Every structure is written in C-alpha cells, then in structure tokens.
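The structure appears below as structure tokens.
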Amino acid sequence: FKILAISTLCCTSILSNMNVYNFTRICSNPIDPSTGNSTRMEAPFSSTQRSVLQSATAVGALLSSLPYLFAFHHYSPRLVFLSAGVISIISTSLAPLSYFFGFCPFLLSRIFQGVAISTTFQMIGLLTHDWATNTEHGIFLAFLTGSTQLSSIFTMLISGLICSSSLGWPFVFYVHALVCAIVFLLFFFIYRDHPEDHMLVTESELSLIMHDKEEKLHKRDTVPYKKLFTDLPLLVSWLSAFADLLCIQLINQYEPVYFNDYLHYNIFKSGFLSAVPILAQFSAKLLSGISSDYIKFVSPTTNVKIYNSLSLIVSGCFMIGLAFIPPSQPLLCVAAITVTVCFIGFNTAGFNKSTTLRSRQHAHFAMTQIMNIWAVTILIEPFIVQPILTDHSSESQWMAVFILHGLLVISAGMIFVFTADATPAEWTKRKSEMNLNRISTNSFASKT
C-alpha cells in the first residue's frame, strides 16, 4: 500500500497543478499605485481568452496522449511518469512569470501542465492491474481516481489561504510546484514497475498479487484496438465517463465562481466551501471502492450498475433540484451541491471499475480513453457554460446550466443500466488459454 499511497499523491499533485488557475483567476492582483484599485488575476484577459486558458490543459493532454501511451508500453512506467512530474513542476513554477509576459506565454505554460496530466489515468490502469489483487480493484481505484478530488481540496484550501494573505496568487503556483517536487522525489525512491522487483514485497504478498494473473507482467500483450473500440460495454462505460466528467468539470471550473459571485461569499470562504463538497465526494469514493469489493452476493455486473446509478442517476436528480434553490438560501445551496457532488463520487465502483474488469490486462489503454474523455470535457465545458452563463449572478442562467448537466448524467446512467457488462471480454483471453478451452471442449465432445 506504500506504492498505492505515493502514486495517489503524485497523481494528486499533477492534477492540483492543473487546477491552480481555476481558483487563482478570482484572486486579486496587487493594488495599482496609480489608481488605488485592485483587479482580479483574470482581468487582463478577454472572455474568450479565459475560456481558452481553462481548456488549454486539455489540448496538452490530448496532444501527448499517444506519445505517452507508446512510452508506457515500451519503457519503464516509473521513468515515464517521473518525466511527467518534471514537466508539471517546471510549467507550474514558471506560470507566474509567463503571466506577466502576456497571454501567449501563460497559455503555453497551461498547455504543458496538460501534457503532464495525460499520464495519470494510464498510470492508474497500469498500477491497478499490476499491483492490485483481483479483490482489491475497488480500493485501488478509490484512492487513485480519488486524486481528482484530493487535488481540488488541496488547491482550493491552499489558494483560499494564500490569496487572502499578503503573499498574493503567484505563491499559490510556487507552493504547488514545491509540493510536486517533493512527492515525485519520494516516488522515484519508493516505486518499482513490478511487484517482483520490489525488495519490500514478500513471497506471500507476491503470490496474492499474482493470483489469477497468468501472464508475466514484464511482457505486455498487444492491445486489440479494434475490439476495444467496438466493445459495447466499454463504449457504454466511456459514455458514462463523459457525462460524469462533464459534471465534474462544471464543479471544478465554476464552483468558486458560484460561491463567490452567486452566493456572495468572500475569497477565503469560497475556497473553504468549495473544498467541502469535494471532500464529501472523496469520502464517497472510498466508501464505494471498499464496499464494492466486499459485496459478493451479486454479480460484478449488477455491482457496477448499482454504484453507477448512484453516481449518475441520483446525482443528476439532486443537480436538477439544486437548480431551483434561490441564492437567498445560501446554506441550502451549499448542502444541495455537497450532496450532488458526494453522489458523483460513487463512480469509482461504477464505470471506472467496470472498465478495468472488462478490459483486464488492457486496462491501461481503456483507462487512457477515460483520460482522453476527461481532457475533452475540460476542453468543451467552458464553451458549453459560457454562452449560457453570461451573468454569474443570474438565477435563471445557473438553473439552465444545472438542469442541462443533470439531464445528461441521468440519460447516460439509464443507458448503462441496460447495457453494461463487467465480465472479462473474450478478447482479454490469451491464445494459450483459448486453445486449452477448445481442446477441453473437443475432448469432452469426443467422449460423449
């Protein structure tokens, strides 16, 4: 579990670096001596430029997805992931300097932050398959995919504290870069690519990890791309991922604005309150991941359908309910958004677990597609919300945004209920295994 802990921290740090701009954009610049006024960090940029800056990390993630997929398949995942950490550290530490040089340099730093995040879900897929026992997929996915929530909690709390102090928003970037450097240094010394290569793994632990894993982990199977992209249960899982992650982007990108501009909380309270729903979501992730591994009285497919319904259908209903709560009841708004975001956290044992169980040894590639979907949602979310939400204090506009997202996740959740399948796909079986099954079948037929 040391491997799980350090990997979770590394994923959290990379994602935190990506999220920094989403909060610091509402922080104040130093007071202008000539006017005596203070403006927001995002003030020098137009509305279009702000949307582009929010989407820039998705561009970096999509551009680097295939190169990193090749690198993970042919080189040491430990060194490949370490390279992503270095890119994230450099781009984050240089972001304040690039901001003062103008839009284009700052945009470039945002793109490089996106390059780093393209490795996170590939690492999650590899780590879950290589290090988790077959009865621990839920626990591993709970912590690893929970890095999304942990990153938001860390960024919102740190940003709220620093932005409300005399240090100013540039120090938010510096602190994030420093933390990232520390956790990746620990990762370099602790992590190993394979359990049999780690000096702290005992023979009994190795036996548990390798149980029901016929292949040698040092040799990875060729990915059956066509079969993966034409497998209906996987496509349905990816559809659920799209709807779910679009809602998550709404929370990540616009929750500070919702609390600050719509409910009129100050910067410090906005940072604290923004972290509360995300903390509830992380708790739900842990609960769903651990409990799903212990539920044995239903089939794996029924298991993932139950949790995915909680994540999408139930959260969608609460999101639509949130749309009708007026800003004159801020505490009720906070409670409703907390419950909504909390239920989204059950996705760990829903489409995430279904994807890894269905794709088995190809989980790294299947999870990479969820990362690509995530990048697409980062890219398109500002362009979905901005045309609707032209006035951050408009009750009717926030209502339209919440209803739209609520209907989307409910629809995706219903499709998952009727078509999901968490059993290992036929194309995950090796030729030797299929030949053995064929011989056994033929032998039985000849005897009868």
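Simple rule: put +1 on each Lys or Arg Cβ and -1 on each Asp or Glu Cβ in the chain, find the dipole, and look at V304, T57, A275; the Cα lying farthest toward the positive end is V304. For Q49 and Y294, a Förster radius of 41 Å and the Cβ-Cβ distance give a FRET efficiency of 0.25, rounded to the nearest 0.05.
Springs join every pair of Cα atoms under 10 Å in this Gaussian network model of the chain, and among T356, T48, T301 the largest mean-square fluctuation is at T48.
Within the chain, what whole-number % of the accessible surface is contributed by carbon and sulfur, with the 1.4 Å probe and all protein chains included in the calculation? Its accessible area is 71 percent carbon and sulfur atoms.
What number comes out for accessible area per residue over the chain if the probe is 1.4 Å? Units Å², please.
Details: 18410 Å² over 448 residues.
Each residue of the chain exposes 41 Å² on average to a 1.4 Å probe.
Sorted largest first, the principal axis extents computed over the alpha-carbon atoms of the range 53-95 equal 32, 20, 8 Å. Taking all protein chains together and a 1.4 Å probe, the residues L186, L379 rank L186, L379 from largest to smallest accessible area.
I need the calculated FRET efficiency for the pair I388 and S283, taking r as the beta carbon distance and R₀ as 30 Å, to the nearest 0.05.
With a Förster radius of 30 Å, E is 0.45.
List the DSSP H helices in the chain whose Cα atoms stretch 27 Å or more along the helix axis and whose mean Kyte-Doolittle hydropathy is at least 1.6.
Values: long enough: 2-24 (32 Å, 0.89); 47-74 (42 Å, 0.49); 77-101 (36 Å, 1.40); 170-190 (31 Å, 2.57); 232-257 (38 Å, 1.09); 267-294 (41 Å, 0.84); 363-385 (32 Å, 1.39); 395-419 (37 Å, 1.56).
Within the chain the helices that satisfy the rule are 170-190.
Here, P(r) means the percent of Cα pairs in each 20 Å bin from 0 to the largest distance; for the chain it is 26, 56, 16, 2, 0. Of S109, S283, the residue with the largest accessible area leads and the full order is S283, S109 (1.4 Å probe).
Gain in length, L66 to A5, computed as 0.36 nm per residue apart minus the alpha-carbon separation, to one decimal in nm? If you can, show how the numbers build up before the last one.
Numbers: separation 61, 0.36 × 61 = 21.96 nm, distance 2.67 nm.
Here the answer is 19.3 nm.
The values are calculated or read from the model by the stated rules, or taken from the named source; none is laboratory data. Please read these numbers as outputs of a predicted model, since none were measured by experiment. Positions of Cβ are generated from backbone atoms using ideal geometry, with glycine treated the same way; all protein chains shown enter the neighbour counts. Ligands, DNA and RNA are excluded from the accessible area calculation, which covers all protein heavy atoms including side chains. Shrake-Rupley method; radii C 1.70, N 1.55, O 1.52, S 1.80 Å.
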